[in-house]
Amino acid sequence: MKLNTPRSRALGMHLVLVLVTCLLASRLLVANQAPSAPVPTPEPALTPTQAAIADSATPWGGDYFPNTLLTDQDGKQVHFFDDLIKGKVVVINFIFTSCSDSCPLETARLRQVQKLLGDRVGKDIFFYSISIDPLSDTPAVLKAYSQRFQVGPGWQFLTGEFADVTELRQKLGLFIEGVDNGRNKDHNLSLIVGNQQTGRWMKASPFENPWILADQLANTLQNWKQPSIGESYANAPEIRPPSNGEELFRTRCASCHSLGPLDGQGIGLRSIGPDLIGVTRQRDPAWLSRWIREPDRMLAEKDPIAVEMFERFDRISMPNLRMDEKSAQSIIDFLQEETDRQHPPVSPLAAGNEEPEHHHAIAGPGSSQGQTQVQ
Ligand code: HEC
């Protein structure tokens, strides 16, 4: 009765194809999607369980997902299936707040996606970050973390029993045996978006462009229930092929850093770390290269610049993204080119560029230009 029309199946098929090529397809969930399967005709006499499955039109209903008891950052208890995902479009990721590599990147990326979605988050799109380190990540710790990243409403940070959380990861196809066992720091980059009701789930990458993630949540997973804006492709800007350094910057760094005042266009999209225009002129090249490769070690060694910045940026540390020297150099080259483009070397940058731009951006995302919504 719901969303199981040939059209939605065709869309499902389309989605599966797109996903397989674009994303890390979820072996567990997408593989089972079997778009060519005939529309199930409910048997006349259904057991309550069968009725529940037919009702949700997806094999991933209440008897697939556990109804795990979790506690959110405000100490509120919720049940995974009934309260968090049933009938909803959701983003779920697994984090631990002491993580110094991939999790802050995921959090920063999702924060951008949240900003792009505006007030739809909490209404028809829900964000959940579930801790895989429940011993350390108490509700209070999760609350402090969410405040540091200034996440908005509609995004819950949750903790629960370790075994239960592991089971959730397995059920969501976000647990790799051997990699994710225990509290391994190398946990799987684990982000999944889905619509419980239609049974469409797809893994996503935190390196993905935030506009694409926002579009999946606002449109694709909602079966395009809201009409798109009538923009013509003729008005699309020309895209130049990015250099290796730019590509790395856009996927690994841009979730936290802007490049000049026009980057992010005043919607507070990138404001967790400092703006990086001019940084290649301000910092020693060797310092910069090492910083990009191992900021965590420099902070641990109490490098004076690192310590000062860490305090200034709300004690959010720059993650170690395991860049090698060559990648770091290509990013530095890109930062240099972009600085020279925006501020040709003849007119040197005004001194005192120390004022952290990000604070303005955070204070005024709504006031300056209003939220941009992905329709
Ligand atoms: C999760 C957010 C995040 C990501 C992702 C991130 N950074 Fe940072 N970065 C920060 C923060 C926060 C600071 C400020 C220092 C601190 O608090 O440790 C910083 C500082 C810096 C600085 C020092 C700026 C200065 O004034 O000297 C540079 C350079 C930098 N980052 C480059 C990068 C590059 C290149 C990447 C991608 C490979 C990257 N960052 C990815 C958060 C991030």
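The values are calculated or read from the model by the stated rules, or taken from the named source; none is laboratory data. In this text, all values refer to a predicted model and were calculated from it rather than measured experimentally. Positions of Cβ are backbone-derived with ideal geometry, glycine not excepted, and every protein chain shown enters the neighbour counts.
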Could you tell me how many of the residues in segment 199-231 are closer than 29 Å to Asn320 by Cα and outside any loop (DSSP other than H, G, I, E, B)? 10
Might you check whether a residue that is within 18 Å of the chain's Cα centre (by Cα), closer than 23 Å to Ala218 by Cα and not hydrophobic (A, V, I, L, M, F, W, C) occurs anywhere in segment 96-103? no
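Inspect segment 290-309 for any residue being in contact (Cβ under 8 Å) with a residue 60 or more places away in the chain, more than 30 Å from Pro242 (Cα to Cα) and not assigned by TED's automatic domain parsing to the domain that holds Tyr145 and give the result as yes or no.
Filtering segment 290-309 down to residues in contact (Cβ under 8 Å) with a residue 60 or more places away in the chain leaves 296.
Filter once more, keeping what is more than 30 Å from Pro242 (Cα to Cα): none.
Checking segment 290-309: not a single residue is in contact (Cβ under 8 Å) with a residue 60 or more places away in the chain, more than 30 Å from Pro242 (Cα to Cα) and not assigned by TED's automatic domain parsing to the domain that holds Tyr145.
For residues that are among the aliphatic types (A, V, I, L, M) and not in a helix (DSSP H, G or I), tally how many sit in segment 322-342.
Going through segment 322-342 one residue at a time, the tally reaches 1.
Kindly establish whether Phe334 is within 17 Å of Cys99 (Cα to Cα), among the aromatic types (Phe, Trp, Tyr) and either outside the structural domain of Asp101 (by TED's automatic domain parsing) or within 26 Å of the chain's Cα centre (by Cα) (or both).
No; evaluated as a whole, the condition is false for this residue.
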Pairs needed: first member in segment 120-139, closer than 16 Å to Leu174 by Cβ; second member anywhere, of a type in the set (Lys, Arg); C-beta distance under 9 Å; at least 6 residues apart or different chains. Ile130/Arg169; Ile132/Arg169; Ile132/Arg183; Asp133/Arg183
Go through segment 178-231 and count every residue that is at pLDDT below 80 and either surrounded by fewer than 18 Cβ atoms within 10 Å (Cβ to Cβ) or closer than 18 Å to Val113 by Cα (or both). 18
A careful count of residues in segment 71-96 that are in a loop (DSSP other than H, G, I, E, B) and touching a Ser or Thr at 6+ places or on another chain (Cβ under 7 Å) gives 2
One residue is enough: does segment 111-124 have a residue meeting the conditions small (Gly, Ala, Ser) and assigned to a strand (DSSP E or B)? no
State which residue pairs qualify: first residue closer than 10 Å to Ser289 by Cβ and inside segment 311-329, second residue near the ligand (Cβ under 7 Å from one of its atoms) and of a type in the set (Phe, Trp, Tyr) in any location, beta carbons under 9 Å apart, and separation of 6 or more residues or different chains. Ala328/Trp291
Confirm whether Glu357 is more than 10 Å from the ligand (Cβ to nearest atom), in contact with a Pro (Cβ under 9 Å, 6 or more places away or on another chain) and modelled with pLDDT under 95. yes
Please tell me if Val346 is free of Cβ contacts under 8 Å to residues at least 40 places away in the same chain and assigned to a helix (DSSP H, G or I). no
Can you report the number of residues in segment 125-168 which are of a type outside the set (A, V, I, L, M), in a strand (DSSP E or B) and under 26 Å from Ala218 (Cα atoms)? 8
